[in-house]
1. Which ones in segment 131-163 are at pLDDT 95 or above and in contact with a Gly (Cβ under 9 Å, 6 or more places away or on another chain)?
2. With the checklist (1) closer than 30 Å to Ala134 by Cβ; (2) of a type outside the set (A, V, I, L, M, F, W, C); (3) surrounded by fewer than 22 Cβ atoms within 10 Å (Cβ to Cβ) in hand, flag the one item Lys257 doesn't pass.
3. Determine, yes or no, whether Ala175 is free of Cβ contacts under 8 Å to residues at least 60 places away in the same chain, under 21 Å from the mean Cα position of the chain (by Cα) and surrounded by 16 or more Cβ atoms within 10 Å (Cβ to Cβ).
4. What pairs come up if the first residue lies in segment 19-36 and is farther than 21 Å from Thr259 by Cα and assigned by TED's automatic domain parsing to the domain that holds Ala47, the second is in a loop (DSSP other than H, G, I, E, B) and at pLDDT 60 or above, and their beta carbons are under 7 Å apart, counting only those six or more places apart or on different chains?
5. Scan segment 299-323 for residues that are charged (D, E, K, R) and under 23 Å from the mean Cα position of the chain (by Cα) and jot them down.
6. Test each condition in (1) buried (at least 20 other Cβ atoms within 10 Å of the Cβ); (2) outside any helix (DSSP H, G or I) for Ala273 and report the one that comes out false.
7. Only one of (1) closer than 26 Å to Asn231 by Cβ; (2) over 15 Å from the mean Cα position of the chain (by Cα); (3) modelled with pLDDT of 85 or more; (4) not in a loop (DSSP other than H, G, I, E, B) is not met by Asn53, so which one is it?
8. Given the condition surrounded by fewer than 22 Cβ atoms within 10 Å (Cβ to Cβ) and outside any loop (DSSP other than H, G, I, E, B), answer yes or no: does some residue in segment 79-86 qualify?
Amino acid sequence: MVLKQTLLASAATVALGFSGAASAAEQQFITIGTGGVTGVYYPTGGAICRLVNKDRKEHGIRCSVESTGGSVYNTRTIRQGELEFGVVQSDVQKAGLEGTGAFESDGAFEGLRALFSVHPEPMHLMARADADIASVADLKGKKVNIANPGSGTRVLAETLMQYSGLTKDDFALAAELKSSEQSAALCDGKIEATIWAAGLPNGSSQEATSSCDVKIIPLDGENIETLLSENSAYAAATIPGGMYPGNADDIPSWGPKATFVTSADVADEVVYAVVSAVFENFDDFKKLHPAFARLSEEEMVNDALSADLHPGALKYYQERGWK
C-alpha cells in the first residue's frame, strides 16, 4: 500500500505541477478516490489535492488522486483502508452508513465520517420543446427515459416519480437508456423527455440543448418540498440560467450533492490539515472548476451529510465558529 501510495503521489505531483525536495520518508501520503477522468469527481479530488500539496512542507502531507469506479467503490475502499478519502454521492454516503441499497451485503459502515459537501448534482428533466411538457405532471402519456436500472439516476427518477404520483405505467414509453444515449434519442424524437442527474455543467445536457430545441423543466412545488423534508441526503439546487442553450432563466431543481468523506481511522491532524487547506484557500478552490463557483462555506459544512463529521473537521469548523 505504501509503495502504491508513493507511486500515485509521484504521478499526481507531476500532474498537478508540484515540486519539492522532501523525501518520501518525511512525507505522509494520502489518496483521494474520485471517479472517471471525464466527470466532475476527478477534478474535485485534484482541486483538494492541489491545495493540500501547496503547503505540504508545513504539514508533511502529500496528496494524490486516484480515478475510480465512483461513489460505491470509494465508500467500500475507504472501509477497507485502501483509500483515505473519497468523493461520494450524498445518497450513497447515507446508504453506506446504514448498510442499505448497494451496501446491503456489506452491512453498516459505522466508521464512515463526513468532511463536507461539494457541488450539487441537480436533476435535469429535459423535454423536447414540442412535447407540451411544462411540469412533472405533464409526463403522463409521454415517452420518457427513466435511466438504466442500477444507475444512480434511476434511483433518483423513481424517487421523483414516487413523490409526483407517477409510475412507469403512466408513460406511453418508459425507456431505460444510458446517459450517453439520451441526447440523441431526445433529438431524434424517440423519447419526449429524459430524467438525468449530474454536476454542473455536464456534457449530456449540453449536447441535448445544443443539438435540438430542448427545455429543462422546473422541479419545485409542494411535492418537491415534501421529498426534501423526508430525504436528508438530497438538497434543493438551481441550474443557472444561460448555462445551456435555449434555457435563459434559473431553473429550480433538487438532487444529491457530491460529498467528501473519510474513515474514523484517519488521524485527526490529517483531516484537520485537509479541510484547512480547502477553507483557508476558499476563493482559490472555487476557481478550480466551474461546478464550484456557487459554493458557500455554510452549505458545504451543513448540507447533505448523513455521517457524523470527523473530529478533525469538527475541530476546524468550531475554530471558525461554524459549529
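1. Ser135, Val136, Ala137, Lys143
2. (3)
3. Details: free of Cβ contacts under 8 Å to residues at least 60 places away in the same chain: yes; under 21 Å from the mean Cα position of the chain (by Cα): no; surrounded by 16 or more Cβ atoms within 10 Å (Cβ to Cβ): yes.
Judged against the criteria, Ala175 is not a match.
4. Correct list of pairs: Glu26/Gly60; Gln27/Gly60; Gln28/Gly60.
5. Filtering segment 299-323 for residues charged (D, E, K, R) gives 299, 303, 308, 315, 319-320, 323.
Selection gives Glu299, Asp303, Asp308.
6. Result: Ala273 fails condition (2) only.
7. Looking at each condition in turn, Asn53 falls short on (1).
8. Filtering segment 79-86 for residues surrounded by fewer than 22 Cβ atoms within 10 Å (Cβ to Cβ) gives 79-82.
Restricting the remaining residues to those that are outside any loop (DSSP other than H, G, I, E, B) gives 79.
For segment 79-86, residues surrounded by fewer than 22 Cβ atoms within 10 Å (Cβ to Cβ) and outside any loop (DSSP other than H, G, I, E, B): present.
The values are calculated or read from the model by the stated rules, or taken from the named source; none is laboratory data. Predicted, not measured: the structure shown is a model, and the values here were computed from it. Glycine also receives a Cβ, built like all others from the backbone with ideal geometry; neighbour counts cover every protein chain displayed.
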